[in-house]
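Let me begin by presenting the structure, written as structure tokens, before commenting on it.
Bear in mind these aren't lab numbers, they're just calculated from the coordinates by the rules spelled out. Computed from a predicted model, the values in this text were never measured in an experiment. Ideal geometry is used to build each Cβ from the backbone, glycine not excepted, and the neighbour counts take in all protein chains shown.
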Amino acid sequence: MTDPTMHEVSTATRVKISDEVLFQELQGEAVLLELKTGVYFGLDKIGTRVWQLLGEQATLGGVVEAMMHEFDVSEERCTEDVLTLVERLKEQGLLTTE
Amino acid sequence: MIELTKDGMTGSADSGALQEQFEQTHTVRLPGLIRPDLMRIVSAHLEQSPWDVKEHGKIGREIVPADPEAMFALHFVVNGPGFLELIRQITGCPRIEGFMGRIYRMLPDPSHYDSWHSDIHQTEERLIGMSINLSPTAYDGGVFRLRDEQSGNILCELPNTGWGDAILFRLSPNLRHMVTAVEGGVPKTAFAGWFKSSACNFFSMMLEADHSKV
């Protein structure tokens, strides 16, 4: 069982995608380009959907709720996966949180 | 109107009408192709970059940015699958696989010039040309001209001074094109290159070369 308190971010966290990141969808998956470093990042289909929702939802809780609506997944698992992905994206400088 | 954004292509176009126009005139204008927020990012990087002189043999002389960020951004958006498919439809070139170009600046100076050329290459299959205007301020001169090689007749003259506007033009052994000298005090900055066929899939090359899985 995972513990959401182990994360730096929570469902109340707000996310801002970096102005220097470009997104391109390729057959359901996505490629992100971080312009300052010139490094490309790949997202699988689930990660791609999370990325899209990050630009639409006010908080990570909203992202989790939308993902649960679209996919057959428990709230606990969904929350864990979204928070983990957001932390990885943040580490790579692709977004900031508040 | 079609727009290329930070998140891919948006909008729609009457590809049938554009295809007809391209068939008749060998050129098509795509106004406002690059969305202003993306243009501002590109412009900011170009303003920060040093510029180097580049010679193209007897064809022309220009300056090019030393920093790669703006080039990365523009290659990334124009090689999106949706945009490439639109270009295939407009131009009737199903073999298009990708776009490769360069950013250049022509100063209003006699030492910066372009002259008639075809862009046809012996080893690369260059199919269609494209030039996107990156100049934030309208410039004088710098007009794209296309002519029939045999008759010498000018087939069209296209100023391309709108910020983020693009023009597409056909490449053929029977056609020559050039950009007239820039006049006045404002330089012309553009992203120009060719849609190509095989061995030019930008994302395949990029993903093979350097990427991370998040």
Inset, instruction - Let me have the relative contact order for chain B, percent, based on Cα pairs under 8 Å that are six or more residues apart. - result: 26 percent
Inset, instruction - Starting from the Cα of B:HIS56, step 7 Å along the direction of its Cβ; do the same at A:GLU98; then give the gap between the two resulting points in nm. - result: 4.5 nm
Inset, instruction - Counting helices only, and only those DSSP H runs with n ≥ 4, report the 222 nm mean residue ellipticity of the protein assembly as shown as the sum of -39,500 (n - 2.57) divided by its residues, in deg cm²/dmol to the nearest 500. - result: -9000 deg cm²/dmol
Legend entry - GNM top mover of B:ASP165, B:ASP114, B:ASP37 - chain B, alpha-carbon springs below 10 Å: B:ASP37
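State, as an integer percentage, the relative contact order of chain A based on alpha-carbon contacts under 8 Å between residues 6 or more apart. Walk me through the numbers on the way to the answer.
Details: 131 pairs, mean separation 37.3, N = 98.
Relative contact order of chain A: 38 percent.
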Inset, instruction - List the residues of the range B:84-103 whose backbone N lies under 16 Å from a point placed 7 Å from the Cα of B:SER12 along the Cα-to-Cβ direction. - result: B:86
Legend entry - Cα→Cβ-extended label distance, 7 Å offset, between B:SER198 and A:MET68, nm: 5.3 nm
Inset, instruction - Round to a whole angstrom and tell me the spacing of the C-alpha centers of the range B:186-205 and the range B:58-118. - result: 4 Å
Legend entry - Contact order normalised by residue count of the range B:107-214, Cα under 8 Å, 6+ apart, percent: 40 percent
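Looking at the square roots a ≥ b ≥ c of the eigenvalues of the Cα gyration tensor of the range B:1-85, which shape do they give, rounded for a/c under 1.5, prolate if a/b is larger than b/c, or oblate? Let's see the in-between values first.
Details: a/c = 2.74, a/b = 1.39, b/c = 1.97.
Oblate.
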Inset, instruction - Choose one of B:LEU84, B:SER115, B:PRO68: the residue whose Cα lies farthest towards the positive end of the charge dipole of the range B:63-146 (beta-carbon charges +1 Lys, Arg; -1 Asp, Glu; about the Cα centre). - result: B:LEU84
